[in-house]
Structures are given as C-alpha cells and as structure tokens.
Amino acid sequence: MKTKIINYPNLNEAKSRVKSETEFSFYSPIHINEMKELGKGKKYYIHTFGCQANIRDEETMKGMLESSNYVQTSDPSQADVIIINTCAVRENAEDKVYGDIGNLKKYRKINKKLILAICGCMVEQPEILDILINKFPEVNLYFGTHEIDQLLDLIFETYHNDVRLIAIKSKQGEVIENKNVSRNNEFKAYVNIIYGCNKFCTYCIVPYTRGKERSRHFADIMDEVRELKKAGYQEITFLGQNVNAYGKDLDEGHDFADVLEEAAKMGIPRIRFTTSHPWDFSSKMIEIIAKYDNIMKCIHLPVQSGSSEVLRLMGRRYSREHYLSLVKEMRSKIPGLSLSTDIIVGFPNETVEQFNETLTLVDEVKYESAFTFIYSPRRGTPAAKIEDNVSYEEKSRRFKELVKHLEVNIEADSKSYIGGVYKVLVDGVSKTDKNMLSGYTESNKLVHFKGDESLVGKIIKVKILESHTYSLIGEIVNE
Ligand code: SAH
Ligand code: SF4
Ligand code: F3S
C-alpha cells in the first residue's frame, strides 16, 4: 500500500504563535454527496481517550459520519470505519492507545476495505507518529486535531485510492463553525468556547497538539446554547483549556464572565465550565458565578504544585500566595463553593520541602476533588530537557502521600452531606442493579439512590444517608 503524505507534523511550527487574529471559516466537505452513498448501510466505531476536548471532537466526528449515513456500532468487528481518538498528555495515556490499536488492527486483515484511522493529540507529535507508522502498517489514515472538519474527504480518498493517508498539519489553527454534531448525551452537553492554549506550561504538550488560543464568536456560542435550551438540555459545560482567556484574541468586547452571564440568563438549569487557569481568573468572573443560581458553584482550578519555585519552573505565571489569595476571594464571595484541582507530583528535581508545600496547600484549600499525576516527560517540551535527580520510587511515594492528604479532606467533605437534601441531575441506571440510579449534585458529588429509570435526565431532590470517599448514598425525597 502506498503512503500519501498531505502534511506531516512539525513541533517548531506547532509552537509558533505569530498572528494574533483568529481565522474563521465554515464547514464545507467536498465529497459530501458521494459520502452519503458510501456510508449507506455502513457502520463506524469510535474510541476516544483524553479530555473533554477530545470527547467533544468525537461528537463532531460522529455528526459528520452520521450526516453521510454511517451508523454507530459498539462492536468494532462490525465496523467499516474505526477511529481511535488519542491523548498525549502523559505516557500512560499513550500506552493505552498502543494497546487499543494492537487489539483493533486485526480487523483490517478480515476486512480489506476497512478504514482504520488514528487521530487526536498523539499524532501531532512527529516522533510518536513515526513510531505509530512503523509499528502499525495496518493503519491507513492519520489525521490531526486541525483536520477534523476534513474527515469525510479523507475517508473518501483513503477508500477509493487504497492509500495510507497522512494529513496532519501543525498550524496555529482556525475556528470552523457549523460542523455537524451528534451528542453523546441527551441532557448534558459540552460547548466549546475557546480552542488551543498559549500558556506553554513547561511540562505540557497540549499547546503543541491543539494550536493557539482562539475563541469562537460570542454570537455563535450563544446560538448553540439557545438550541440546547430549546432541545431541553439540563446542563451545559463550557470548554476550553483555559476558559477565562475567552475573548482575548477577538475584538468583540466580550470576556468569559459575559459568556457565563448571557448563558445564565437563557435559563439552562445547570451551567458548568472547565478548565480555569488561576493566572487570569478575574473578580468579575467571581461576581457573575456568585450572582446566578444556575451557574454551578464549582471551580476546577488546577494548582499543579504548592511551591512557588516549582510553579515558576513550570511556567504557571502565579505563586503559591497568589493562588491562595484567589481561593480566599472565591470562598468569601461564592458561598458553598466547591473547588477541585490538578496536581503534578515529581516535577524534575522537586525537593521534599517543595513537595511538602503541596501537602500544606492541599490541607489549607480543602478540595472537594482532585486529579493527581506523576510527572511524565513529554518530548519537545522544555521540562523534558531537565536532568532529574528524583527517582520514580520516590515520586510514587510522594504520590501516595498526597492522595492520602487529599482523601482526608474529601472524606470529611462527603460526610458533611449526610442528612442534607440536595438537587441531583439523574445521570443513568446502575449497570449491576437496574433499580439503582446515579446522578450528580450541583457541587458535582456522585450520588447513588433507588429510583425508576424514567427519572433519567431530570433534576430531583435526594436526601443523603451515607457517605463514601468518592460517592454518596441517598433516597429520593417526594414532595
Ligand atoms: N488546560 C488545563 C489542563 C490540561 S491537561 C489546565 O491548564 O489546567 C490536564 C492536566 O494534566 C494538567 O492540569 C496537569 O495536571 C496534567 N499534566 C499535563 N502535562 C503533564 C505531564 N507532562 N505530566 C503529568 N501531568 C501532566
Ligand atoms: Fe497545558 Fe498549561 Fe495549557 Fe493547561 S494551561 S493546557 S497545563 S500548557
Ligand atoms: Fe489529552 Fe489532547 Fe486533551 S493531550 S488531555 S486529549 S488536549
């Protein structure tokens, strides 16, 4: 099989941030009509790894495939198109992908016309792409995060020309509107507000894989929210690697607080957002979050480390003191605020004293939940070049100690729910017991309770009877 390279990624181009104005265009596949024929009676299988940005991209790809008559299957052996949507944020994320391709590649032997495609953040790294290409000759389509809108045309070309196609351009990126979407959930939706990242934290690959920070037009975001409201959605989550950078690249006079306020006025019952960078979280945002009942009082505020020196080396643009004073302002202005965070343990040469500063910060802030990671060097990032004097064993030890500290707070917080009545958005039915439902409180605590399947997608009241570290048990309150 011949390989056709349309574009190959390049890290130097991926990190360039030359022009500041955002380019906009509209979704317009070339082969849409032919694809409607090709997709008839055919199935696709898609497997997504990574963050909400990737999940939302999956929904776009589903929308495109369904617009050309493909139908989703959860059985890869039945599929005519298999897409693996990858994440590159840590080594273990990449390892999962290698395993997944290893499991799925056999279907190409059975079905010679199968499209086996790899996309997402992993393939944006040239050295990883080289490895994938050598290791998996079965894969016949690679496309990047900037080529999602071309999915149908790329499938068309791979199918008809029997080539292995590589279409990954490292570019700053644009905003493409009116793409199709087929959402994974009928009452909770993700809404992109800003793509990419300009922060270049020294450990992180995301700015290289996702391009520059670029905001959608305010009016386009609001149109999407309005449609979701009309369709009966109960919850929306605004997405961005850094939502509070919204609008800085546009000349429209709107910032993230305006996005929140305008959406809140439309009356969607629950509005969430992720992720917020502590560096540019404004007092105006805090005021708007406090003002509207339907903006959930949950802020995911990744701290990464409690040591100002480590934060400096990470390029995070804030100190421990700045972070703590921001938390103080948030807690004083937003009653009932629930804070969550991301923490990296074992940044190169992190000392025990610096690690202990993370422990004291965690004890002080009292997070309701946290994602903790052992530092994973990412090729091409500045931190990966630092020689590291901390062993992996020591990092694992610190990781376990950190989790213990966090769990003390999380457990105490969970206990404080007992006896209270909370609004819960019913998420689904338990896999093991169909009389058991689960859902989330406004503060994002997972609750299990007995109830009928017909309640899924509704907001109901639940009294909390029992608590575990990461979940609560309750009973429905009938009014
Ligand atoms: N944009 C978000 C996070 C994106 S990545 C933010 O800035 O908060 C999600 C989390 O993965 C990060 O917050 C960080 O804690 C973690 N992470 C990123 N790169 C990592 C690396 N090289 N090793 C370990 N954890 C990493
Ligand atoms: Fe990565 Fe930092 Fe950007 Fe978050 S803000 S995506 S951690 S570079
Ligand atoms: Fe992973 Fe890319 Fe998201 S690296 S965390 S899928 S932006």
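Treat every Asp and Glu Cβ in segment 378-428 as -1 and every Lys and Arg Cβ as +1, leave all other atoms uncharged, and give the resulting dipole magnitude about the Cα centre to the nearest 20 debye.
On the way: 10 positive and 9 negative charges, 35 e Å.
The calculated dipole for segment 378-428 is roughly 160 debye.
Comparing Cα centroids, segment 307-334 and segment 335-363 end up 11 angstrom apart. Here the relative contact order of the chain, from alpha carbon pairs under 8 Å that lie six or more residues apart, stands at 11 percent.
Shown in residue order for segment 351-363 are the 3J(HN,Hα) couplings computed by the Karplus curve 6.51 cos²θ - 1.76 cosθ + 1.60 at θ = phi - 60°: 8, 4, 5, 5, 4, 4, 5, 5, 4, 5, 5, 4, 5 Hz (x for Gly and Pro).
Please find the FRET efficiency linking Ser77 to Glu174, where r is the Cβ-Cβ separation and R0 is fixed at 60 Å, and quote it to the nearest 0.05.
Step by step, r from the Cβ atoms, then E = 0.95.
Of the GluC sites (Glu not before Pro) found in segment 368-422, those in coil by DSSP whose Cβ has at most 16 other Cβ atoms within 10 Å are Glu387. Taking label positions 7 Å along the Cα-Cβ direction at both Asp251 and Phe373, the computed distance is 3.6 nm, reported to one decimal.
Quick one: dipole size for segment 296-360, taken about the Cα centre, charges +1 on Lys/Arg Cβ and -1 on Asp/Glu Cβ, in debye to the nearest 20.
The calculated dipole for segment 296-360 is roughly 380 debye.
Quick one: grab the alpha carbon gyration tensor of segment 265-371, order the square roots of its eigenvalues as a ≥ b ≥ c, and give me rounded if a/c is under 1.5, else prolate or oblate depending on whether a/b is larger than b/c. Judged from the Cα gyration tensor, segment 265-371 comes out prolate (a/c at least 1.5, a/b above b/c).
The slack in the chain from Lys328 to Thr351, taken as 0.36 nm per residue of separation less the alpha-carbon distance, amounts to 5.6 nm. Looking at segment 418-471, the trypsin sites (Lys or Arg not before Pro) that sit in a DSSP loop and have at most 11 other Cβ atoms within 10 Å of their own Cβ are Lys431, Lys434.
Partnerless cysteines in the chain, where a partner means another cysteine C-beta under 4.7 angstrom, comprise Cys51, Cys87, Cys119, Cys121, Cys197, Cys298. For segment 89-141, a Kirkwood radius taken over Cα pairs fed into Stokes-Einstein (20 °C, viscosity 1.002 mPa s) yields D = 185 µm²/s.
Helical runs assigned H by DSSP (4 residues or longer) give the chain a calculated mean residue ellipticity at 222 nm of -10500 deg cm²/dmol, each run adding -39500 (n - 2.57) before division by the residue total. For the Cα trace of segment 150-230, dividing Rg by the Kirkwood Rh returns an Rg/Rh value of 1.05.
From the alpha carbon centroid of segment 127-145 to that of segment 39-73 is 20 Å. What the Cα atoms of the chain give is an Rg and a Dmax of 22.9, 67 Å.
Among the GluC sites (Glu not before Pro) in segment 159-255, those placed in a DSSP loop whose Cβ has at most 14 other Cβ atoms within 10 Å are Glu186, Glu252. Given R0 = 51 Å, the distance between the Cβ atoms of Ala412 and Met1 translates into a calculated FRET efficiency of 0.30.
Given contacts defined as C-alpha pairs under 8 Å and at least six residues apart, what's the relative contact order of segment 421-476, whole-number percent? So the answer I get is 36 percent. Label positions at Thr432 and Glu475, each projected 7 Å from the Cα along the C-beta direction, are separated by 2.2 nm.
With viscosity set to 1.306 mPa s at 10 °C, what whole-number translational diffusion coefficient in µm²/s follows for segment 345-419 from Stokes-Einstein and a Kirkwood radius over Cα pairs?
116 µm²/s
The Cα trace of segment 371-479 gives Rg and Dmax of 19.7, 62 Å, the first to one decimal, the second as a whole number. Debye-formula intensities of segment 421-476, expressed as log10 I(q)/I(0) at q = 0.17, 0.18, 0.27 Å⁻¹, are -0.42, -0.47, -1.09 (one equal scatterer per alpha-carbon, no solvent). A cut-off of 5 Å between modelled amide H atoms, ignoring neighbours fewer than 5 places along the same chain, links Asn10 with Ser170. Across every pair of non-identical alpha carbons in segment 320-446, the mean reciprocal distance, once inverted, gives a Kirkwood radius of 17.2 Å. Diffusion coefficient of segment 169-294 by Stokes-Einstein, Kirkwood radius over Cα pairs, 25 °C, 0.890 mPa s: 162 µm²/s. Couplings for segment 105-113, taken from phi via the Karplus curve 6.51 cos²θ - 1.76 cosθ + 1.60 with θ = phi - 60°, read 5, 4, 5, 6, 6, 6, 10, 5, 8 Hz in order; Gly and Pro are left as x. With the Kirkwood sum run over all distinct C-alpha pairs, segment 3-167 has a hydrodynamic radius of 16.2 Å. Couplings 3J(HN,Hα) for segment 203-208, derived from phi with the Karplus relation 6.51 cos²θ - 1.76 cosθ + 1.60 (θ = phi - 60°), are 9, 9, 8, 4, x, 7 Hz, where x marks Gly and Pro. Normalising the Debye intensity of segment 308-395 to I(0), with uniform scatterers on Cα atoms only, and taking log10 at q = 0.10, 0.16 Å⁻¹ returns -0.30, -0.71. Dipole magnitude for segment 103-246: about 440 debye, using +1 per Lys or Arg Cβ and -1 per Asp or Glu Cβ, origin at the Cα centre. Quick one: go through segment 47-76 and flag any residue whose amide nitrogen is under 18 Å from the point 7 Å out along the Cα-to-Cβ line of Asn185. In segment 47-76, the label zone of Asn185 (backbone N under 18 Å from the point 7 Å along Cα→Cβ) covers 48-63. Pairwise Cα distances in segment 175-415 exceed 28 Å in 36 percent of cases.
Coordinate-derived values only; no laboratory data. A quick note: this is a predicted structure, and the numbers were derived from the prediction, not measured. Glycine also receives a Cβ, built like all others from the backbone with ideal geometry; neighbour counts cover every protein chain displayed.
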